[in-house]
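See structure below.
The values are calculated or read from the model by the stated rules, or taken from the named source; none is laboratory data. In this text, all values refer to a predicted model and were calculated from it rather than measured experimentally. Don't worry about glycine lacking a Cβ; one is built from the backbone with ideal geometry, like all the others, and counts go over all protein chains shown.
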Amino acid sequence: MHPLRFPIALIGLAFVLATMLTSAQEPTRAAQRTMKGIELYSWPDSSTHQWNFVLLPGTNRNKTTAEIKASRNILKTLEELKARLATLAVGECIFWNPRVDSQQFSLPPQEQVQQITIYCETRKLNLSILK
């Protein structure tokens, strides 16, 4: 066997394995953006003191507090939110609305807002925080 064949074969195998692992870990993204964007809501859970997040399809009407909190899609951690954001199409518009009901919804601490903002930038998502 030629002395260079083994190292070249190992490099090729390493490349194939790295490609397989990367593609296995990368979530499937939506092919197209939604027509009216995605609405993001957040609120603190009074019993656990953790933040809840919900991503819902954008509409022309305001959603009620009950409608938002009744969602089966409540995300209980920042990691769950990031995993869901990772599935959105490149260029998707996300509107974070803490003002639906100021008694119920708000933004998490600035550090978490910054983490989410940076994550959206890295995933090429257009995050707008409504004031």
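Here are the numbers:
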| quantity | calculated |
| --- | --- |
| Region 42-56, residues that are closer than 23 Å to Gln115 by Cβ and free of Cβ contacts under 8 Å to residues at least 60 places away in the same chain | Asp45, Ser46, Thr48, His49, Gln50, Asn52, Phe53, Val54, Leu55, Leu56 |
| Flag if Ser106 is more than 22 Å from Lys131 (Cβ to Cβ) and at pLDDT below 95 | no |
| Those helices (runs of 4 or more DSSP H) lying entirely in region 57-131 with at least 2 residues free of Cβ contacts under 8 Å to residues at least 24 places away in the same chain and of a type in the set (A, V, I, L, M, F, W, C) | 110-122 |
| Qualifying residue in region 35-52 (condition: modelled with pLDDT under 90, among the aliphatic types (A, V, I, L, M) and closer than 20 Å to Leu127 by Cβ) | yes |
| Answer from Leu127, Leu75, Leu56 - the residue that is farther than 15 Å from Thr34 by Cα and either surrounded by 11 or more Cβ atoms within 10 Å (Cβ to Cβ) or under 15 Å from the mean Cα position of the chain (by Cα) (or both) | Leu75 |
| Some residue of region 41-53 being surrounded by fewer than 16 Cβ atoms within 10 Å (Cβ to Cβ) and among the charged types (D, E, K, R) | yes |
| Check on Ser42, assigned to a loop (DSSP other than H, G, I, E, B) and of a type in the set (Ser, Thr, Tyr) | no |
